[in-house]
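Below you'll find the structure, written out as structure tokens, and then a few comments.
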Amino acid sequence: MPTRIRPATPDDAPAIGDVDPLARGADVPRATLVEDALHGRRDNLCLVAPAGEGPRLAGFVVLRHGHFFGRDFVDLLVVAPAARRQGIGSALLTAAVGAGVSERVFTSTNRSNVGMRALLAGQGWEISGSLRGLDEGDDEIVAWTGRGAAAALVVGLGRGPKRLFHIALREDWDRARRLGEYRVSTIGHSLDEVGFVHTSFAQQVAATAARHYAGVDAPLVLLVVDRSRLGGTVRVEPAPGSDEVYPHVYGPVPVAAVTEAVELRRDAAGRLVLPTL
């Protein structure tokens, strides 16, 4: 059942305080941000996800119109601990982007907040860069998305957390089809060696192909993996030396979880030609 999202009203203030105690006043800037959003002041908008039919909330998000260099900015997203890992954060973020008025919507999060970084990557947000000096030893990662991404997520198109992508040697994929499961982590390394299978979200495939497969002469295929059919755990984890986080499949990929295996070709310059994702 889809998560219901609605605009907040001043009557939601107590329930928002239950979700985020800092919004009750202990953190004055945070409390002021939420209060302004509840009353529609300073071009702030608050959306909430009800928890059932009563006044309780599963989470909320605050969008600030034109706040970031004239672009809309998702300033705060909080999900109640008991409601996490149920798609609430994803639904709130999608709704906030859909409520934006600028062509691009921005947000930021600490490098240490792997959960939020995973949510952004799963929804196809692009990394703009990082800011140092705001929190000691914990850079702020800035990301953006186009407003069209929200519509794509709603209708289940390429970007989003349900589909993962992996570039494989065709001979490795042929072997997997015979055995019933794919057990290669990345080119030249097995699942048993590494402990997981490297995969990418849609917006990461082109960079992964250029970084790791540009010099590979052997035939390649792009595997499209339905995350819901995987038997193993999927963890979205930071890549060493990068602001990006990537989905790692801890276990073999069943052949039945691969919905497409797209043969990759090269153009006249020898570059891999990728399908539109």
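Data overview
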read-out: Of the criteria (1) in contact with a His (Cβ under 9 Å, 6 or more places away or on another chain); (2) modelled with pLDDT of 95 or more; (3) farther than 25 Å from GLY124 by Cβ, which one ASP20 fails; value: (1)
read-out: Residue satisfying condition, being in contact with a Gly (Cβ under 6 Å, 6 or more places away or on another chain), surrounded by fewer than 17 Cβ atoms within 10 Å (Cβ to Cβ) and charged (D, E, K, R), within set ARG85, ARG147; value: ARG147
read-out: The stretch 242-277: number of residues that are in a loop (DSSP other than H, G, I, E, B) and either under 11 Å from LEU230 (Cβ atoms) or among the β-branched types (Val, Ile, Thr) (or both); value: 3
read-out: Long-range neighbours under 7 Å by Cβ, at least six apart or interchain, first residue within 12 Å of ASP75 (Cβ to Cβ) and in the same structural domain as VAL61 (by TED's automatic domain parsing) within the stretch 11-36, second among the charged types (D, E, K, R) and surrounded by fewer than 15 Cβ atoms within 10 Å (Cβ to Cβ); value: ASP36/ARG42
read-out: Restricting the stretch 78-105 to residues that are among the charged types (D, E, K, R) and part of a loop (DSSP other than H, G, I, E, B), the residue that is nearest to ARG147 (Cα to Cα); value: GLU103
read-out: Tally of residues being free of Cβ contacts under 8 Å to residues at least 12 places away in the same chain and on the phi > 0 side of the Ramachandran plot across the stretch 70-91; value: 1
read-out: ALA257 modelled with pLDDT of 90 or more, among the small types (Gly, Ala, Ser) and closer than 20 Å to ARG177 by Cβ; value: yes
read-out: Boolean, GLY231 is under 17 Å from LEU179 (Cα atoms) and at pLDDT below 90; value: yes
read-out: Single match in ALA176, ALA218 (criterion: at pLDDT below 95, over 26 Å from GLN123 (Cα atoms) and in contact with a helix residue (DSSP H, G or I) (Cβ under 9 Å, 6 or more places away or on another chain)); value: ALA218
read-out: Residue, modelled with the highest pLDDT, within the stretch 23-49, restricted to residues that are out of contact with any helix residue (DSSP H, G or I) (no Cβ under 7 Å at 6 or more places or on another chain) and among the charged types (D, E, K, R); value: GLU35
read-out: Matching residues in the stretch 104-129 - criterion: being touching a Lys or Arg at 6+ places or on another chain (Cβ under 7 Å) and at pLDDT 90 or above; value: ARG104, VAL105, PHE106, THR109
read-out: Residue in the stretch 162-183 that is among the small types (Gly, Ala, Ser) and closer than 30 Å to SER112 by Cβ present; value: no
read-out: Residues of the stretch 16-53 classified as within 19 Å of GLN86 (Cα to Cα), among the hydrophobic types (A, V, I, L, M, F, W, C) and not in a strand (DSSP E or B), total; value: 3
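The values are calculated or read from the model by the stated rules, or taken from the named source; none is laboratory data. The model shown is predicted, which means the values in this text are computed figures rather than measured ones. Because the Cβ atoms are built from the backbone with ideal geometry, glycine has one as well, and the counts that use them run over all protein chains shown.
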